[in-house]
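Chemist: Attaching a single structure in structure tokens format; questions to follow.
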Amino acid sequence: MLYLVATPIGNLEDITLRALKVLNSVEILACEDTRNTQKLLNHYEITGKKLISYHEHNEDKMSEKIISYLEEGREVALVTDAGMPCISDPGYILVEKIKKAGLPITALPGANAGLTALVASGIESYNYTFYGF
């Protein structure tokens, strides 16, 4: 199973209990920047994880590696530096390839800078369009 795990967009306390549970349970974390992810893991005293680099410059190559882990029955969590994977962050190439391979994916809800800014702006939010950052 691949888990798409949202990470805090500023305050490390802005993480869901479910995200912490997944981060504790998976063996492998695919990280946009392993140093940033390690800070999060250290904050929550999560240890013993294999961190691999997954970013915009190695998505094609590392997607294949992650798929091989999944085919072996291993669980992987994809995390970015801040916010939701695939939303102006790496991940969509991996998700597309995993879907084509027929492997399972679960997305965990969580921090999203665009929605946070929208609801804090005071503008009408019943109808909006997100074009990216």
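Chemist: Regarding segment 1-47, what are the three Cα extents along the principal axes, ordered largest first, in Å?
Modeler: That gives 28, 21, 18 Å along the principal axes, largest extent first.
Chemist: If I ignore ligands, DNA and RNA and count only protein heavy atoms, how much of Met62 is accessible to a 1.4 Å probe, in Å² to the nearest 10?
Modeler: 30 Å²
Chemist: Taking N as the number of residues in segment 41-82, what is its Cα Rg relative to 2.2 N^0.38 Å? The partial results should precede the final answer.
Modeler: On the way: Rg = 11.8 Å, N = 42, 2.2 N^0.38 = 9.1 Å.
In units of the 2.2 N^0.38 Å rule of thumb, it is 1.29.
Chemist: Before rounding to the nearest 500, sum -39500 (n - 2.57) across all DSSP H runs of length at least 4 in the chain and divide by the residue total; then give [θ] at 222 nm in deg cm²/dmol.
Modeler: Result for the chain: -11500 deg cm²/dmol, rounded to the nearest 500.
Chemist: Order Asp60, Asp33, most accessible first, counting only protein heavy atoms with a 1.4 angstrom probe.
Modeler: Numbers: Asp60 95, Asp33 35 Å².
Greatest to least solvent exposure: Asp60, Asp33.
Chemist: In percent, what relative contact order does the chain have, based on Cα pairs under 8 Å that are 6 or more apart in sequence?
Modeler: On the way: 210 pairs, mean separation 50.2, N = 133.
Normalised by residue count, the contact order of the chain is 38 percent.
Chemist: On full extension of the chain, what length is gained from Tyr126 through Glu75, given 0.36 nm per residue of separation minus the C-alpha to C-alpha distance?
Modeler: Working: separation 51, 0.36 × 51 = 18.36 nm, distance 3.68 nm.
My answer for the length gained is 14.7 nm.
Chemist: Sticking with this structure for a sec: I'm checking a number: the convex hull volume of the Cα atoms of the chain, normalised per residue, in Å³. What is it?
Modeler: Here the figure is 117 Å³ per residue.
Chemist: On to the next question. Rounded to the nearest 10 Å², what accessible area does Val119 show when all protein chains are kept and the probe is 1.4 Å?
Modeler: Its heavy atoms expose roughly 110 Å² to the probe.
Chemist: On to the next question. Going through segment 1-81, which chymotrypsin sites (Phe, Trp or Tyr not before Pro) have at most 16 other Cβ atoms within 10 Å and a DSSP loop state? Walk me through the numbers before you get to the answer.
Modeler: Working: sites: Tyr3, Tyr44, Tyr54, Tyr69; in loops: Tyr44, Tyr54.
Those that pass, being in a loop and sparsely packed, are Tyr44.
Chemist: Quick one: dipole size for the chain, taken about the Cα centre, charges +1 on Lys/Arg Cβ and -1 on Asp/Glu Cβ, in debye to the nearest 20.
Modeler: Values: 12 positive and 17 negative charges, 58 e Å.
Dipole size: approximately 280 debye.
Chemist: Under 13 Å from the Cβ of Ile105, count the other residues' Cβ atoms, weight Lys and Arg +1, Asp and Glu -1, and hand me the total. Kindly include the intermediate steps, with their values, before the conclusion.
Modeler: Details: positive: Lys97, Lys99, Lys100; negative: Glu75, Glu96.
Value of the local net charge: +1.
Chemist: To the nearest 10 Å², what's His57's accessible area with a 1.4 Å probe?
Modeler: Estimated to the nearest 10 Å², His57 gives 150 Å².
The values are calculated or read from the model by the stated rules, or taken from the named source; none is laboratory data. Note that the structure is predicted; figures quoted are calculated from it, not measured. Neighbour counts run over all protein chains shown; Cβ positions are idealised from the backbone, glycine included. Just the protein is used for accessible areas: all its heavy atoms, side chains included, with ligands, DNA and RNA removed. Shrake-Rupley method; radii C 1.70, N 1.55, O 1.52, S 1.80 Å.
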